[in-house]
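The structure appears right after this line, and notes come after that.
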Amino acid sequence: MSDEFEIARTKAAALTKEINAHNHRYYVLDDPTVPDGEYDRLLVALQAIETQFPELVSPTSPTQRVGAAPAAGFPVVTHALPMLSLGNAFSDEELERFVVRIGERLGAVEIKDLVFSAEPKLDGAAVSMMYVDGMLERAATRGDGVHGEDITHNVRTIRSVPLTLTGADIPDRLEVRGEIFMPKAGFIAYNERAEATGEKPFVNPRNAAAGSLRQLDPALTARRPLDMYCYAAGLVEGGTLPTTHTDTLAKLASWGLKTNPEVRPVTGAEGCIEYYQALEQRRAGLPYEIDGVVFKVDAFDLQETLGNVSRAPRWAIARKFPAEEAVTVVRAIEWQVGRTGAVTPVARLEPVFVGGVTVSNATLHNIDELQRKDIRPGDSVTIRRAGDVIPEIVGSILERRPSGAEPVALPSVCPVCGSPVERIGDESVARCIGGPLVCTAQRVEGLKHFSSRKAMDIEGLGSKLIEQLAQDRVSSPADLYRLTAEELAQLDRMAEKSAKNVIAAIDKSKQTTLPRFLFALGIRDVGETTAESLAMHFGSIEALLAADEAALIDVEDVGPVVAKRVLSFFGNPDMQVLIRELRALGIVWPEIDTTADESDHDHFFSGKTVVLTGTLSTLNRTEASARIKRLGGKVTSSVTSKTDLLVAGEKAGSKLQKAQNLEIEVIDEETLIRIFDES
């Protein structure tokens with residue numbers, strides 16, 4: 001035997017052992033320790049070795065089986081027809097090669113005319129449901145593809161699964177295959193309830209669905225917000241189905257079974273790629289998690305001609321999205337200091353590509369979170385990123401932890417200025433007590449917040465420039481308005497024209513609004529909405545400065561905690577001096593007439609509870625909220641049964657879906673502007 005062969009055999013054995021271990025944890029224990037992307041990488045590596053050395057392929061190889069054995073605790077079910085897995089394509093080129101292979105096997109069929117059924121690949125749990133004489137007789141998990149677990153009693157609790165089919169020409173025996181999943185909104189709501197009651201929250205919707213189906217007590221499953229989409233038919237006796245997959249799904253829907261509305265036929269590789277790209281763009285707005293697209297040759301006679309390999313059908317493939325979870329190593333855990341002095345642990349990572357970007361840092365939020373997840377330098381960790389969400393460390397892979405890895409403790413002094421770090425009462429956040437005059441980090445972050453788009457909106461005053469200025473020239477926001485173009489032009493990478501543009505932007509920012517000014521000051525717990533509420537209630541900075549705690553609590557969105565924060569901020573002599581300086585330097589805003597109350601009149605918004613969601617391209621959301629309130633409406637952040645109206649901007653997501661489910665009136669930004677104009 002050659003050295004190359006021996007190396008390949010050793011590597012294949014190691015990969016087989018690792019993949020089998022992951023199969024056991026995923027299918028039997030419901031406790032996966034690596035994301036799908038890592039599992040797929042291992043399997044592809046083993047397949048590559050077996051392709052190069054076919055003599056290494058054995059009947060027990062993970063490439064020759066669908067999954068792992070079912071767990072104990074449920075009766076074993078033998079599927080009438082095997083529930084095969086799917087091959088994966090990770091690029092458009094691999095998808096195109098799949099289409100070419102099909103064309104070559106079919107011979108006379110033109111590749112460009114080949115019709116596929118396209119559908120989202122849901123991230124849930126596959127099940128088989130057997131209907132006898134139109135009634136649900138049995139439901140089972142996929143298991144190892146041949147044998148699964150009988151979960152009939154649990155599936156019966158899912159309201160989207162019909163117990164009795166309706167319609168004409170229903171076969172005597174019909175096996176339906178589908179994906180059971182937990183919608184995003186249900187997952188969030190369940191975890192919120194779990195945290196409130198002290199229960200353990202779910203890690204992700206996929207684990208939530210799989211774990212819910214394997215509860216021995218169906219009453220527990222019934223309390224989980226599960227849903228189901230059918231994606232295929234298996235065994236059919238005493239009846240017939242249409243000749244294509246797409247038409248079969250339509251027939252299943254006519255019998256009362258739920259099918260995905262995104263399913264549609266596409267033609268050729270070009271049609272597949274266009275569908276994939278379009279769905280990838282809309283992925284974040286879907287009400288459920290998906291990790292790719294499934295393409296199937298639509299005609300059943302062609303599927304039969306193509307046949308199966310041992311692990312998967314030749315006529316179907318899953319085009320996976322870029323991995324949103326990946327495994328990497330924690331190089332170090334450092335402590336960042338924010339504008340309010342919050343000392344936050346941040347993991348410095350071996351760079352890893354996940355969710356379409358390269359991630360090298362991830363926040364751990366606070367010392368409690370760090371200790372709960374027990375993340376240590378040197379750990380291999382799972383990173384998750386969805387859409388534009390900040391990367392999150394899911395947890396450590398304990399079996400990979402290096403010996404000697406020590407837990408990280410909260411520092412006793414600020415890593416930037418050396419001031420003491422304190423943790424008051426039961427607050428989860430520890431803070432540097434140095435303040436912005438002592439701590440450079442707090443000063444820098446405060447200036448970044450002050451000049452940000454939603455605050456004073458100083459265009460061109462970026463992070464790098466602020467970091468330079470904060471070293472010795474700018475110690476407070478007022479100093480920004482004392483800068484000259486000549487000073488800026490002397491800084492690194494700052495040309496004369498750029499310096500003049502920044503000064504012009506600083507001058508332009510002097511014309512602002514009271515809500516923006518209050519938000520820019522960086523008062524703890526005072527965000528955009530609360531700043532706007534304070535401004536609209538008091539009308540002037542003088543009235544706000546004179547308010548006591550009782551007057552502040554009368555303001556919408558202001559409770560006792562926020563009231564104390566506001567009083568503490570404005571009671572600080574340094575902050576009073578800052579406000580006087582800023583106004584003396586020319587910062588002004590239009591007066592707010594608190595005596596004018598448009599809500600006394602009968603307007604479209606009178607008495608309505610309104611939620612804004614998505615991106616408003618023309619209106620500023622703060623100003624839109626203020627106008628709705630002046631017209632007698634109430635603006636809230638969550639969609640509930642008490643919501644009367646949803647204003648949906650671009651990329652509206654789960655709030656829009658929830659509003660539609662609750663049959664709440666929805667209008668777009670154009671309609672909102674028209675209503676304002678008519679008021």
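The values are calculated or read from the model by the stated rules, or taken from the named source; none is laboratory data. The shown structure was predicted, so the numbers you read here are calculated from the model rather than taken from an experiment. Glycine also receives a Cβ, built like all others from the backbone with ideal geometry; neighbour counts cover every protein chain displayed. What goes into the accessible areas is simple: the full protein's heavy atoms, side chains included, and nothing from ligands, DNA or RNA. Shrake-Rupley method; radii C 1.70, N 1.55, O 1.52, S 1.80 Å.
Quick notes on this one:
- Subset tally (residues that are in contact with a Gly (Cβ under 8 Å, 6 or more places away or on another chain) and open to solvent by less than 10 Å² (accessible area, probe 1.4 Å)) for segment 490-501: 0
- Glu665 vs. criteria open to solvent by less than 50 Å² (accessible area, probe 1.4 Å), modelled with pLDDT of 85 or more and acidic (Asp, Glu): no
- Residue pairs meeting the criteria (Cβ under 7 Å; at least 6 apart or on separate chains; first under 20 Å from Asp40 (Cβ atoms), in segment 1-23; second small (Gly, Ala, Ser)): Leu15/Ala45; Thr16/Ser61; Asn23/Gly67; Asn23/Ala68
- Residue count, segment 175-216 (criterion: under 17 Å from Val394 (Cβ atoms) and β-branched (Val, Ile, Thr)): 2
- Checking every residue in segment 532-546 against the condition of being within 30 Å of the chain's Cα centre (by Cα), within 18 Å of Ala626 (Cβ to Cβ), at pLDDT below 90 and not in a helix (DSSP H, G or I) gives zero matches.
- Spans of helices (runs of 4 or more DSSP H) in segment 181-245 with at least 1 residues open to solvent by less than 40 Å² (accessible area, probe 1.4 Å) and out of contact with any Ser or Thr (no Cβ under 6 Å at 6 or more places or on another chain): 184-197, 205-213
- In the set (1) closer than 18 Å to Val327 by Cβ; (2) open to solvent by 20 Å² or more (accessible area, probe 1.4 Å); (3) at pLDDT 90 or above, the condition left unmet by Leu46 is number (2).
- If you check Gly522, Gly446 for being at pLDDT 90 or above, over 23 Å from Glu591 (Cβ atoms) and touching a His at 6+ places or on another chain (Cβ under 8 Å), only one passes: Gly522.
- Filtered residues of segment 476-487 (kept if open to solvent by less than 60 Å² (accessible area, probe 1.4 Å) and either closer than 16 Å to Ser451 by Cα or part of a loop (DSSP other than H, G, I, E, B) (or both)): Ser476, Pro477, Ala478, Asp479, Leu480, Tyr481, Leu483, Thr484
- Test: residue in segment 86-94 that is more than 22 Å from Glu289 (Cα to Cα) and open to solvent by less than 60 Å² (accessible area, probe 1.4 Å): yes
- Condition check for Glu623: part of a helix (DSSP H, G or I) and either modelled with pLDDT of 85 or more or open to solvent by 40 Å² or more (accessible area, probe 1.4 Å) (or both): yes
- Listing of strands (runs of 3 or more DSSP E) fully contained in segment 108-173 that carry 3 or more residues being of a type in the set (Gly, Ala, Ser) and under 35 Å from the mean Cα position of the chain (by Cα): 125-132
- Residue list for segment 424-441, restricted to those being free of Cβ contacts under 8 Å to residues at least 60 places away in the same chain and over 18 Å from Asp574 (Cα atoms): Ile424, Gly425, Asp426, Glu427
Matching residues to (1) of a type outside the set (A, V, I, L, M); (2) under 36 Å from the mean Cα position of the chain (by Cα):
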| position | (1), (2) |
| --- | --- |
| Gly404 | yes, yes |
| Pro407 | yes, yes |
| Val416 | no, yes |
| Ala430 | no, yes |
| Leu483 | no, no |
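- Subset of segment 259-292 (residues that are farther than 23 Å from Pro313 by Cβ, outside any helix (DSSP H, G or I) and open to solvent by 20 Å² or more (accessible area, probe 1.4 Å)): Pro261, Pro287, Glu289
- Count - residues of segment 158-176 that are open to solvent by 40 Å² or more (accessible area, probe 1.4 Å), β-branched (Val, Ile, Thr) and farther than 13 Å from Met135 by Cβ: 0
- Within segment 293-314, being in contact with a Ser or Thr (Cβ under 9 Å, 6 or more places away or on another chain), open to solvent by less than 50 Å² (accessible area, probe 1.4 Å) and part of a loop (DSSP other than H, G, I, E, B) holds for Asp298, Arg311, Ala312.
- Out of Ser360, Ser412, sole residue that is open to solvent by 40 Å² or more (accessible area, probe 1.4 Å), at negative phi and free of Cβ contacts under 8 Å to residues at least 12 places away in the same chain: Ser412
- Candidate set: segment 565-588, residues that are under 19 Å from Ile506 (Cβ atoms) and open to solvent by less than 40 Å² (accessible area, probe 1.4 Å); chosen: the one farthest from the chain's Cα centre (by Cα): Gly586
- Positions within segment 393-409 being open to solvent by 70 Å² or more (accessible area, probe 1.4 Å), of a type in the set (D, E, K, R) and either under 14 Å from Gly341 (Cα atoms) or in contact (Cβ under 8 Å) with a residue 24 or more places away in the chain (or both), in sequence order: Glu399, Glu406
- Selection from segment 518-528 of residues that are in a helix (DSSP H, G or I) and surrounded by fewer than 18 Cβ atoms within 10 Å (Cβ to Cβ): Glu528
- Residue pairs whose Cβ atoms lie under 7 Å apart, separated by 6 or more positions or on different chains, with the first residue in segment 26-37 and among the β-branched types (Val, Ile, Thr) and the second in a loop (DSSP other than H, G, I, E, B) and modelled with pLDDT under 80, are Val28/Ala68; Val28/Ala69; Val28/Ala71.
- Residue in segment 373-387 that is more than 26 Å from Pro120 (Cα to Cα), part of a loop (DSSP other than H, G, I, E, B), touching a residue at least 60 places away in the same chain (Cβ under 8 Å) and not charged (D, E, K, R) present: no
- The residue that is most open to solvent (accessible area, probe 1.4 Å), among those in segment 421-475 that are under 19 Å from Asp507 (Cα atoms) and among the charged types (D, E, K, R), is Arg453.
- Looking only at segment 320-344, residues that are more than 29 Å from Tyr39 (Cα to Cα) and either assigned to a strand (DSSP E or B) or open to solvent by 40 Å² or more (accessible area, probe 1.4 Å) (or both) come to 9 in all.
- Of Glu289, Glu324, Glu304, all but one fail to be without any contact (Cβ under 8 Å) to a residue 12 or more places away in the chain and among the charged types (D, E, K, R); the exception is Glu304.
- Conditions (1) under 18 Å from Leu469 (Cβ atoms); (2) buried (at least 18 other Cβ atoms within 10 Å of the Cβ): number failed by Ala531: (1)
- Cβ-Cβ under 8 Å pairs, at least 6 apart or on other chains, segment 88-106 side free of Cβ contacts under 8 Å to residues at least 24 places away in the same chain and under 16 Å from Gly271 (Cβ atoms), far side open to solvent by 90 Å² or more (accessible area, probe 1.4 Å) and outside any helix (DSSP H, G or I): Gly103/Glu110
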